[in-house]
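Beneath this line is the structure, given in structure tokens, with notes to follow.
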Amino acid sequence: MRKLISTLAVVILFSCQNNAQITEKQKAVIDAKPIEVPLQNGKAKAYFASGCFWCVEAVFESVKGVEESISGYAGGHTDDITYEKSNTGRTGHAEAVEIIYDPEIVSFETLVDVYFASQNPTQVNGQGPDNGSQYRSIIFYQNDAQKKIIEEKKSALAKKLNAKIAAEVYPFQKFYVGEDYHQNYERLHPNQSYIRNVSVPRLNRFKAKMPEVLKDNH
């Protein structure tokens, strides 16, 4: 029994030390200087996390001025990230999307509005049925101007709802493109049960809130 207690103590101590280490690594991510992604062929990039990336990808691709939405991972402290590792909730990463957009057609400010309008902004560590830190809401900023836009909109929404807004605000560091089978998932798998029961209803709720930003074919 004594040996068992000793072993358990070592395990608990190791676990606490490991969690403290992860916390420090994650703090370094949050405190880092943001990296600004340059325009490419006149197109800009923005990064958001808000629950399942299948859902978020479809929402942003319905918006005028958005050329492409790519599913992946961001916000964590590990370089070796996969879907399976993300699902452990121990990498610090959240399922995220990279938005490639034309700033002459849609502004970063409008994309932030789309972000908040397409989710339950008060749900912590998840959206809908998806729960865990890998599904938490994060908005990534690349410069002080973007950070100011995010913080002002987050504050205004908190005041409007009289509630705390769950979205975290991180400096952008790096986006890890997700596995091929995650890309355009909603469009390619319209009859999949999760898509029918979660993704499509979420997309439709967003469309009803912001019809003025939708592409003509939506």
Can you give me the number of residues within region 175-199 that are within 22 Å of GLU68 (Cβ to Cβ) and surrounded by fewer than 16 Cβ atoms within 10 Å (Cβ to Cβ)? 9
Do we have any residue at all in region 205-213 that's at pLDDT 95 or above, surrounded by fewer than 18 Cβ atoms within 10 Å (Cβ to Cβ) and in contact with an Asp or Glu (Cβ under 9 Å, 6 or more places away or on another chain)? yes
Answer yes or no as to whether VAL37 is assigned to a helix (DSSP H, G or I), of a type outside the set (Asp, Glu) and either in contact with a strand residue (DSSP E or B) (Cβ under 7 Å, 6 or more places away or on another chain) or free of Cβ contacts under 8 Å to residues at least 40 places away in the same chain (or both). no
So GLU57 fits all but one of (1) within 22 Å of ASN125 (Cα to Cα); (2) in a helix (DSSP H, G or I); (3) modelled with pLDDT under 95; (4) not polar (S, T, N, Q); what number is the exception? (3)
Among the residues that make up region 157-174, is at least one of them surrounded by 15 or more Cβ atoms within 10 Å (Cβ to Cβ), among the small types (Gly, Ala, Ser) and assigned to a loop (DSSP other than H, G, I, E, B)? yes
Within region 181-203, can one find any residue that is assigned to a helix (DSSP H, G or I), within 23 Å of ALA32 (Cβ to Cβ) and within 17 Å of the chain's Cα centre (by Cα)? no
May I ask you to say which residue of ALA46, ALA28 is out of contact with any Gly (no Cβ under 9 Å at 6 or more places or on another chain) and in a helix (DSSP H, G or I)? ALA28
Residue match in region 176-190 (condition: of a type outside the set (Asp, Glu) and more than 30 Å from ASP80 (Cβ to Cβ)): yes
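The rows are residues; the columns are (1) without any contact (Cβ under 8 Å) to a residue 60 or more places away in the chain; (2) not hydrophobic (A, V, I, L, M, F, W, C).
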position	(1), (2)
ASN87	yes, yes
ILE99	yes, no
VAL114	no, no
VAL124	yes, no
ILE138	no, no
Filter region 101-152 for residues that are touching an Asp or Glu at 6+ places or on another chain (Cβ under 8 Å) and within 24 Å of SER199 (Cα to Cα); which is surrounded by the fewest Cβ atoms within 10 Å (Cβ to Cβ)? ILE138
Is it the case, given these coordinates, that GLY51 is surrounded by 20 or more Cβ atoms within 10 Å (Cβ to Cβ), at positive phi and at pLDDT 90 or above? yes
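The values are calculated or read from the model by the stated rules, or taken from the named source; none is laboratory data. Computed from a predicted model, the values in this text were never measured in an experiment. FYI the Cβ positions are ideal-geometry reconstructions off the backbone, even for glycines, and counts take in every protein chain you see.
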